[in-house]
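What follows is a short report on a single structure.
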Amino acid sequence: MRPRSLTPVDRVLADAQRALETVFARPASQRPNPSLEAADLTLEEHDRRHAAGLMRINHVGEVCAQALYCGQAAVARDVRTREHLLAAAQEETDHLAWCEQRLRELDSRPSLLNPVWYAGSYAIGALAGLRGDGWNLGFVVETERQVEAHIDEHLQSLPPADLRSRAILGVMKADEARHADQAEHAGARMLPPPIPSVMALASRIMKTVAYRV
Ligand SMILES: [Fe+2]
Ligand SMILES: [Fe+2]
């Protein structure tokens with residue numbers, strides 16, 4: 001967790017380092033990858049490609065979550081809110097690492113547009129954060145609920161034989177639900193319309209593009 005005595009310049013540098021690590025480095029997870037418990041069945045070629053497209057979307061979702069939370073933390077007024085956001089981002093690192101590992105197993109790669117997804121999400125997070133800390137947490141709740149919903153869609157759509165991706169998404173879904181509950185208890189405000197619909201539209205665009213690129 002980031003110490004409280006960092007200067008604004010330190011914070012900018014720490015954020016830049018985190019962005020570079022998220023987009024270009026291979027993140028390390030703190031918990032073991034849940035897919036290691038599942039059988040590694042051979043997939044038909046079209047199933048492999050479909051699973052890779054879905055796991056690329058999930059990986060981009062985690063890149064965006066990192067960026068949103070860091071953007072929000074950068075402008076959070078209350079130290080506890082900032083710590084809550086940075087702790088959430090830290091937990092998301094496991095998801096990022098697991099999705100990246102599964103993409104490699106599927107002979108695929110993360111989205112080439114990850115720097116763009118990161119920059120856009122960081123800006124959205126910072127803008128949301130400037131509205132105040134209740135909004136910040138409301139934004140976390142909405143993000144987590146939307147991610148949980150798209151994980152559900154992916155669990156329906158993944159090839160039945162892709163037990164490894166399913167194992168990862170099962171744990172991610174439970175984590176995202178917990179993240180939303182924690183933010184709700186920490187004092188999240190309900191986001192007014194049309195913000196949730198705009199967020200859903202942005203995530204639909206991301207999913208369509210990230211499935212391919
Ligand atoms: Fe996540
Ligand atoms: Fe989450």
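The values are calculated or read from the model by the stated rules, or taken from the named source; none is laboratory data. Remember, it's a predicted structure, so these values are computed and weren't measured experimentally. Don't worry about glycine lacking a Cβ; one is built from the backbone with ideal geometry, like all the others, and counts go over all protein chains shown.
Just a few scattered comments:
- Close contacts from the stretch 140-152, counting a first residue that is touching a residue at least 24 places away in the same chain (Cβ under 8 Å) and a second that is among the aromatic types (Phe, Trp, Tyr) and within 12 Å of ligand 1 (Cβ to nearest atom), with Cβ to Cβ under 9 Å and a gap of 6+ residues or different chains, come to Val140/Tyr69; Thr143/Tyr69.
- Scanning the stretch 56-72 turns up no residue that is among the aliphatic types (A, V, I, L, M), part of a helix (DSSP H, G or I) and either surrounded by fewer than 18 Cβ atoms within 10 Å (Cβ to Cβ) or away from ligand 2 (no atom under 16 Å from the Cβ) (or both).
- Matching residues, the stretch 75-108, being away from ligand 1 (no atom under 16 Å from the Cβ), under 17 Å from Asp162 (Cα atoms) and in contact (Cβ under 8 Å) with a residue 40 or more places away in the chain: Glu105, Leu106, Asp107, Ser108
- Of all residues in the stretch 198-213, those that are within 19 Å of Leu103 (Cβ to Cβ) have Cβ atoms under 8 Å from Cβ atoms of residues that are assigned to a loop (DSSP other than H, G, I, E, B) and at pLDDT 90 or above, 6 or more apart or on another chain, in Val209/Ser111; Val209/Leu113; Ala210/Ser111; Ala210/Leu113; Val213/Ser111; Val213/Leu112; Val213/Leu113.
- Among the conditions (1) over 16 Å from the mean Cα position of the chain (by Cα); (2) acidic (Asp, Glu); (3) surrounded by fewer than 21 Cβ atoms within 10 Å (Cβ to Cβ), Glu91 misses just one, which is (1).
- Residue check, Ala149 under 19 Å from Cys64 (Cβ atoms) and either more than 10 Å from ligand 2 (Cβ to nearest atom) or in contact with a Lys or Arg (Cβ under 7 Å, 6 or more places away or on another chain) (or both): yes
- The stretch 156-186, subset among the polar types (S, T, N, Q) and within 19 Å of the chain's Cα centre (by Cα), residue nearest to ligand 2 (Cβ to nearest atom): Gln182
- Remark: pairs (first residue in the stretch 40-66, closer than 18 Å to Asp94 by Cβ; second residue assigned to a helix (DSSP H, G or I) and small (Gly, Ala, Ser); Cβ separation under 6 Å; 6+ apart in sequence or on different chains) = Met55/Ser165; Arg56/Ala210; Ile57/Ala210; Val60/Ala210; Cys64/Ser121; Gln66/Ala89.
- Taken over the stretch 142-189, the criterion of being under 19 Å from Thr208 (Cβ atoms) and not in a helix (DSSP H, G or I) is satisfied by Leu158 alone.
- Considering residues of the stretch 127-151 that are small (Gly, Ala, Ser) and crowded, with 19+ Cβ neighbours inside 10 Å only, the residue modelled with the highest pLDDT: Gly138
- Cβ pairs under 6 Å, 6+ apart, first in the stretch 159-185 and under 23 Å from Trp135 (Cα atoms), second among the small types (Gly, Ala, Ser) and within 14 Å of ligand 1 (Cβ to nearest atom): His179/Ala88
- Qualifying residue in the stretch 114-130 (condition: farther than 19 Å from Ala202 by Cβ and either outside any helix (DSSP H, G or I) or within 16 Å of ligand 1 (Cβ to nearest atom) (or both)): no
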